[in-house]
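The values are calculated or read from the model by the stated rules, or taken from the named source; none is laboratory data. Because the structure is a prediction, the values reported are computed rather than measured. Reconstructed Cβ throughout: ideal geometry from the backbone, glycine too, with neighbour counts over all protein chains shown. Remember, those area values only see protein heavy atoms, side chains included, never the ligands or the DNA or RNA. Shrake-Rupley method; radii C 1.70, N 1.55, O 1.52, S 1.80 Å.
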Amino acid sequence: MSAVLEADPARLELPWLADGRRAFRRGWARGWALPEALPVDEWADRYRVLPREASSEPGRWRTDRTPYLREIMRCLSVEHPARRVVLMAGTQIGKTECGNNWVGSIIHQTPGPMMVVVPTQMLAKRWSRQRLTPMIEATPVLRERIRPARSRDSGNTTLLKEFPGGLLVIAGANSAVDLRSMPVRFLFADEVDGYPEDVDGEGSPLTLAERRTATFPRRKIFIVSSPTIKDASVIEAEFKAGDQRHYHVPCPHCEHMQVLRDEGLQDDGTYLCEACGQAIAHHHKTWMLERGAWRPANPDGAYPSFHLSALYAPIGLGYTWAEIAEERRKARESGERELLQTYHNTLLGLPYEDESGKVDWRELRARAGGYASRTIPDGCLILTAGVDVQDDRFAVLILGWGRGERCWVIDWFELPGDPGTEEAWHALDERLQARIRNRYGVAMGLTALAVDTGGHHTHMAYNFCRVRQHRLVLAVKGDRFPNRPIIAGRPTKQDVNTRGGVLRGGVELWRVGADTAKGALFAKLHADAGEPDPARHRIRFPRDLPDDFYLQLTAERFDATANRWRRLSGRRNEALDCFVYAYAAACHPAVRVHMLRDSDWDRIEARVQPPTADLFSGGAGDDEPAEAAPDGAARAAQTGPEDRQGTDRPRRTRSRRRGGGFVGGWR
């Protein structure tokens, strides 16, 4: 025992305890240090588990199964300098799962505030339940950080997930309140081509969401979607602004690197190599994808942008080449625009351009002539106008109407002013009350005027229309549902008292079927393209309109799959909106240019173009500039069978329905 106690102290020395303070500091630092974040693709390979209910191949995620996603996920990793990443792709290619992997890696490795935006609030709930929740429950490292929703005060709801160091908000692009709810460092914008163009009058939902990231210098934005209409697609514009990377794969016969395109796909389901011309069988695809590489077509682009079509879908995870070829055959044989667009958008991942539905602004400009602005051509018997209210101006279009719904553009102008002030509205009223003399010497005023109330100045627009309703000054708003009549059969009362009762004499709001009106307009423009005689055109234009008018009038394309019109990127569309409103005013139940009989037109013509008038005095010629009547600013616009003069007070008169609409009093 004594021998043990008297052992040499040098033999009991422990080198790792030589400096206790240093060892303690080292251990303390190791305990608090965050592990180095893995790239998103490596994180997914190590931790992500695909749930059985949401995947055709449940179990461990393997990026090697979809090798083209690796570089995209590397760009989403925190160590990559890109702040913005864009993916334009077809369906069943893995684009949403790529985003899901990014979400999971953020929750686990780099926690912070994050927002996921999908087209609607309903889809936000569906994405949370069908995509996010199964991923959390199947992946242990995520399940540890987000407690189940059944736990009290868990901070885990359908649209809000809290986790240590951050939170995840799932929002619908159709709710401005959701989009400006909080600042975020990470933004995942999914299916952006399904977003509304304007949300609650506050602008683009993508722009609103992006502003949430402005306070974070190391922010990251991932924008994903299948495209829609060429030049109107949001994701197409985002892709073009980037470096436009395409996935090149080698030919198994000659090893030439090439992009898989629709032109190379054969009807029998093989792919023709662009270099050696040999047919490539579908079973070679796995070998080709493993050896593929991304190459930018625009190296000077502002950020990484990627394009993928369904031709790259791995064997067993998407459409085969034969199935894609069959879908192409069906679309082409049908000739239906909707099927052709679906093929281009969802399988090729490309925007669709329908030449048959395209109206070129230069071609419209070439049709113009025969009269000048603010002149009344023969046959023009009724005037209506549409006003689009912008934040710093009014856009105004005056249309003339004749038999068979023939239409003339009479005037187009933009009146500067602040719609938030009474002075601006007074100036607009004076301008619109000015009459225009035709060559018969008759001073014509507006029969009806439609004013848009859907912008930032709804209250002021209501005030303007309320006291002028007796002059058929209509408060209008575009209907968000398709296939609605150009103007509703009856208005809705907007003014109520403290008890909720409708106020007599209050403003009435008329819903406008904008999609229907645009369809009718473009159908007429297409029909005129085949008519060599300008005098027989359904819609005519004066010779002195600026180019910007034609650009704005043709600023939208119809999306057959979404059944709605889309504005072309970078184009204003006030002229088109004004045409819709003026068209709606012409279809108002008190006007009804589309329903007037020949006898009705005869009565109007007898008044507006009297056959006994001296054609050589008093009026402007067909090609001469017309003048406003001397008392035009002081007199009210002509809006019915008699001149409605003088006052902006609403007249409390009992109206009687008479045959022939507003021309009934001319019998």
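Annotations for the structure displayed:
- Annotation: of all residues in segment 192-212 being within 13 Å of GLN121 (Cα to Cα) and in a loop (DSSP other than H, G, I, E, B), the one that is most open to solvent (accessible area, probe 1.4 Å) is PRO196.
- Near pairs, Cβ below 6 angstrom, 6+ apart or cross-chain, from segment 190-201 (at positive phi) to any residue that is surrounded by 21 or more Cβ atoms within 10 Å (Cβ to Cβ) and not in a loop (DSSP other than H, G, I, E, B): GLU191/SER225
- Reported count of residues in segment 285-308, each being outside any loop (DSSP other than H, G, I, E, B) and of a type outside the set (D, E, K, R), is 11.
- Segment 221-243, subset over 11 Å from the mean Cα position of the chain (by Cα), within 22 Å of LEU340 (Cα to Cα) and among the small types (Gly, Ala, Ser), residue surrounded by the fewest Cβ atoms within 10 Å (Cβ to Cβ): ALA237
- Taken as a whole, the condition of being over 23 Å from GLY165 (Cβ atoms), assigned to a loop (DSSP other than H, G, I, E, B), of a type outside the set (S, T, N, Q) and at pLDDT 90 or above applies to PRO67.
- Condition met for TRP102 (in a helix (DSSP H, G or I), at pLDDT below 95 and hydrophobic (A, V, I, L, M, F, W, C)): no
- Test for LEU428: is it in a helix (DSSP H, G or I), touching a strand residue (DSSP E or B) at 6+ places or on another chain (Cβ under 8 Å) and within 19 Å of PRO542 (Cβ to Cβ): no
- Pairs linking a residue in segment 423-440 that is within 22 Å of TRP401 (Cα to Cα) and at pLDDT 95 or above to a residue that is of a type in the set (Lys, Arg) and assigned to a helix (DSSP H, G or I), with Cβ atoms under 8 Å and 6 or more positions apart or on different chains, do not occur.
- Consider segment 35-56 and keep the residues that are part of a loop (DSSP other than H, G, I, E, B) and open to solvent by 60 Å² or more (accessible area, probe 1.4 Å). The one that is modelled with the lowest pLDDT is PRO35.
- Only one of the numbered conditions (1) in contact with a Lys or Arg (Cβ under 9 Å, 6 or more places away or on another chain); (2) open to solvent by 10 Å² or more (accessible area, probe 1.4 Å); (3) not in a loop (DSSP other than H, G, I, E, B) is not met by GLY519, and that is (1).
- Test: ALA529 is small (Gly, Ala, Ser) and open to solvent by less than 60 Å² (accessible area, probe 1.4 Å): no
- Top-ranked residue in segment 158-176 [being touching a strand residue (DSSP E or B) at 6+ places or on another chain (Cβ under 9 Å) and outside any strand (DSSP E or B); ranked as nearest to PRO113 (Cα to Cα)]: LEU159
- Some residue of segment 257-270 being at positive phi and either open to solvent by less than 30 Å² (accessible area, probe 1.4 Å) or of a type in the set (A, V, I, L, M, F, W, C) (or both): yes
- Conditions (1) modelled with pLDDT of 95 or more; (2) crowded, with 20+ Cβ neighbours inside 10 Å; number of the one not met by GLN341: (1)
- Members of segment 94-116 that are among the hydrophobic types (A, V, I, L, M, F, W, C) and either surrounded by fewer than 19 Cβ atoms within 10 Å (Cβ to Cβ) or closer than 26 Å to PRO58 by Cα (or both): CYS98, TRP102, VAL103, ILE106, ILE107, VAL116
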